[in-house]
1. Would you check if there is a residue in region 39-55 being in contact with a helix residue (DSSP H, G or I) (Cβ under 9 Å, 6 or more places away or on another chain) and closer than 17 Å to E134 by Cβ?
2. Determine, yes or no, whether Q119 is open to solvent by 40 Å² or more (accessible area, probe 1.4 Å) and part of a loop (DSSP other than H, G, I, E, B).
3. Quick check on this structure: which one of A111, A155 is in contact (Cβ under 8 Å) with a residue 24 or more places away in the chain and aliphatic (A, V, I, L, M)?
4. Here is a check on your reading of the model: is T26 more than 28 Å from V90 (Cβ to Cβ) and modelled with pLDDT of 95 or more?
5. I need every pair where a residue in region 34-55 that is in contact (Cβ under 8 Å) with a residue 40 or more places away in the chain and of a type in the set (D, E, K, R) has its Cβ under 6 Å from the Cβ of a residue that is part of a loop (DSSP other than H, G, I, E, B) and buried (at least 17 other Cβ atoms within 10 Å of the Cβ), sequence separation at least 6 or different chains.
6. Pairs needed: first member in region 119-138, under 19 Å from Q79 (Cβ atoms); second member anywhere, of a type outside the set (K, R) and modelled with pLDDT of 95 or more; C-beta distance under 6 Å; at least 6 residues apart or different chains.
7. May I ask you to say which residue of D87, D114 is open to solvent by 70 Å² or more (accessible area, probe 1.4 Å), modelled with pLDDT of 95 or more, over 27 Å from Q149 (Cα atoms) and more than 17 Å from the chain's Cα centre (by Cα)?
Amino acid sequence: MSAVKLESETMADGVSQLQKQLVDYTASLFDEAFLDEQFNQLQQLQDENNPDFVVEVVSLFFKDSERLMDELSKALDQQTVDFKLVDKNVHQLKGSSSSIGVQRVHRACIAFRDCSEEQNVEGCLKSLQHVKHEYSLVKNKLETLFNLQKQLLAAGGPLPGK
């Protein structure tokens, strides 16, 4: 067997392993309810003309979410809490998390809105911590997913389902 053929087979095995790793990791994100069908729909909008579409949309979500969580922290830290502002920010975070399919953040926001509607400061503070926790988890998971995709593309393999 020639060295070129052996190297080619080794690269194909590496690509195949990366594809399996990516498929398994993606499936785990759905199994653990980090992501829902909306994320699949978002991925369907990505094509050759806009190969970074999902990463760009998710990056905007990260930036906006961090701003909203900072605003929520400030609002809940006030002597007199403006629950209309809290509700507006939670509603926006809930909507954006739903629109990209980040299910656990979305569900945490629903509970947060309930506390806001009850004007329960303590409940809102606990809910904010829960939202921040779920956000942190999903951010790390999505960054790992995108890194796996990048590795697969760099190895010369196509993304699964494309």
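The values are calculated or read from the model by the stated rules, or taken from the named source; none is laboratory data. On a predicted model such as this, the values are computed, not experimentally measured, just so you know. Here Cβ is always computed from backbone atoms with ideal geometry, including for glycine, and neighbour counts include all displayed protein chains. Just the protein is used for accessible areas: all its heavy atoms, side chains included, with ligands, DNA and RNA removed. Shrake-Rupley method; radii C 1.70, N 1.55, O 1.52, S 1.80 Å.
1. Looking through region 39-55, at least one residue is in contact with a helix residue (DSSP H, G or I) (Cβ under 9 Å, 6 or more places away or on another chain) and closer than 17 Å to E134 by Cβ.
2. So Q119 passes the test.
3. Of A111, A155, the one residue that is in contact (Cβ under 8 Å) with a residue 24 or more places away in the chain and aliphatic (A, V, I, L, M) is A155.
4. So T26 passes the test.
5. Partner pairs satisfying both residue conditions: D36/G101.
6. Listed by first residue and then by second, the contacts come to Q119/F83; V121/V81; G123/C115; C124/L76; C124/C115; C124/S116; L125/L76; L128/L72.
7. D114
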